[in-house]
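K.L.:
Attaching a single structure in structure tokens format; questions to follow.
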Amino acid sequence: MKRRAHQKSAVHLRRVAATTVTLCTALVLAGCSSSDGKKDEASDESSSVSQSPTSPAPADPEETAKKEAIAAYEAYWQAMEKLYADPTGKSVRLDQYAASAALANAQKDAKLAHDRGNVLVGDVAITEPTVTKADAGGKIPNVILSSCLDISKWETVKAKTKKPVDLPDNRLLKYQIVSAVEKYPAGWRVTSDEPQGKSC
């Protein structure tokens, strides 16, 4: 009797142990399944976030025109420095930077200086370029600029001797200038450049 009771007890313990192992295994698997599910959801969320496109804001045509016109105007004056410094007038193609009245007047004035045996050396500074009007959507996009032109470091000298040329003491060395810049098929060009006769 004792032996049978012992056998029954042992069988009962084995069943309990087996049930416990099965239960633990089920819980572990459930835990893994739950964890995997969360990972999948997180990866789905992250992929959905990464896949959502972030389109940049479209550029404002008028602001773009203003920036390009100012850059073109500054390049124009760098070209003017080269033109006036070269007695032959062949060191730069000014028509790549200017057109219309601005081109004709600059070429005429540079030739006049060179015919007198003069060149201009040094730097021209453009300060406070301000857009007073801009039309980016017209047939010919254009921008009107108002700026202060500083020619105090742009000196007229004799081409051969490099000696300074005497000029009137009362001439303006910093003056306001209003300029028109237009967009041609080949790029922006300065079309007029008019000193306003007042200092700045």
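K.L.:
Specify which of the listed residues (ALA104, ALA186, ALA159, ALA134) is closer than 30 Å to GLU63 by Cα, in contact with a strand residue (DSSP E or B) (Cβ under 7 Å, 6 or more places away or on another chain) and not β-branched (Val, Ile, Thr). Explain how you work it out, then say what you get.
P.N.:
Details: ALA104 fails: in contact with a strand residue (DSSP E or B) (Cβ under 7 Å, 6 or more places away or on another chain); ALA186 fails: in contact with a strand residue (DSSP E or B) (Cβ under 7 Å, 6 or more places away or on another chain); ALA159 fails: closer than 30 Å to GLU63 by Cα.
Unique residue meeting the criteria: ALA134.
K.L.:
Restricting the search to segment 153-174, which residues are within 25 Å of PRO129 (Cβ to Cβ), outside any loop (DSSP other than H, G, I, E, B), in contact with a Gly (Cβ under 9 Å, 6 or more places away or on another chain) and open to solvent by 80 Å² or more (accessible area, probe 1.4 Å)? Give the derivation first.
P.N.:
Of all residues in segment 153-174, those within 25 Å of PRO129 (Cβ to Cβ) come to 153-156, 171-174.
This time we only want the ones that are outside any loop (DSSP other than H, G, I, E, B), so: 154-156, 174.
Within this subset, residues satisfying the condition of being in contact with a Gly (Cβ under 9 Å, 6 or more places away or on another chain) are 154-155.
Result: GLU155, single match.
One line per residue, one yes/no per condition, for (1) modelled with pLDDT of 95 or more; (2) open to solvent by 30 Å² or more (accessible area, probe 1.4 Å); (3) under 21 Å from LYS160 (Cβ atoms):
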| position | (1), (2), (3) |
| --- | --- |
| LYS90 | no, yes, yes |
| ARG93 | yes, yes, no |
| LYS111 | yes, yes, yes |
| ASP115 | yes, yes, yes |
| LEU120 | yes, no, yes |
| ALA125 | yes, yes, no |
| GLY137 | no, yes, no |
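K.L.:
Using the structure shown, decide if ALA79 is open to solvent by 30 Å² or more (accessible area, probe 1.4 Å), of a type in the set (Gly, Ala, Ser) and free of Cβ contacts under 8 Å to residues at least 24 places away in the same chain. Can you show your working first?
P.N.:
Working: open to solvent by 30 Å² or more (accessible area, probe 1.4 Å): no; of a type in the set (Gly, Ala, Ser): yes; free of Cβ contacts under 8 Å to residues at least 24 places away in the same chain: yes.
So ALA79 does not fit the description; no.
K.L.:
Which one of these is in contact with an Asp or Glu (Cβ under 7 Å, 6 or more places away or on another chain), outside any loop (DSSP other than H, G, I, E, B) and in contact (Cβ under 8 Å) with a residue 12 or more places away in the chain: ALA102, ALA113? Spell out the reasoning first.
P.N.:
Numbers: ALA113 fails: in contact with an Asp or Glu (Cβ under 7 Å, 6 or more places away or on another chain).
That would be ALA102, the only listed residue that is in contact with an Asp or Glu (Cβ under 7 Å, 6 or more places away or on another chain), outside any loop (DSSP other than H, G, I, E, B) and in contact (Cβ under 8 Å) with a residue 12 or more places away in the chain.
K.L.:
Only one of these is out of contact with any helix residue (DSSP H, G or I) (no Cβ under 6 Å at 6 or more places or on another chain) and under 27 Å from ALA65 (Cβ atoms): ALA134, ALA186. Name it.
P.N.:
Working: ALA134 fails: out of contact with any helix residue (DSSP H, G or I) (no Cβ under 6 Å at 6 or more places or on another chain).
Sole residue among the options that is out of contact with any helix residue (DSSP H, G or I) (no Cβ under 6 Å at 6 or more places or on another chain) and under 27 Å from ALA65 (Cβ atoms): ALA186.
K.L.:
Consider segment 153-189. How many of its residues are over 21 Å from ALA75 (Cβ atoms), of a type in the set (S, T, N, Q) and touching a residue at least 24 places away in the same chain (Cβ under 8 Å)?
P.N.:
Of the residues in segment 153-189, 1 are over 21 Å from ALA75 (Cβ atoms), of a type in the set (S, T, N, Q) and touching a residue at least 24 places away in the same chain (Cβ under 8 Å).
K.L.:
Considering only segment 132-151, state which residues are more than 19 Å from ALA99 (Cβ to Cβ) and of a type in the set (Val, Ile, Thr).
P.N.:
Within segment 132-151, THR132, ILE151 meet the criteria.
The values are calculated or read from the model by the stated rules, or taken from the named source; none is laboratory data. Note that the structure is predicted; figures quoted are calculated from it, not measured. In this analysis, Cβ positions are derived from the backbone assuming ideal geometry, glycine residues included, and neighbour counts consider all displayed protein chains. Accessible surface is based on the protein model in full, side chains and every heavy atom, while ligands, DNA and RNA are left aside. Shrake-Rupley method; radii C 1.70, N 1.55, O 1.52, S 1.80 Å.
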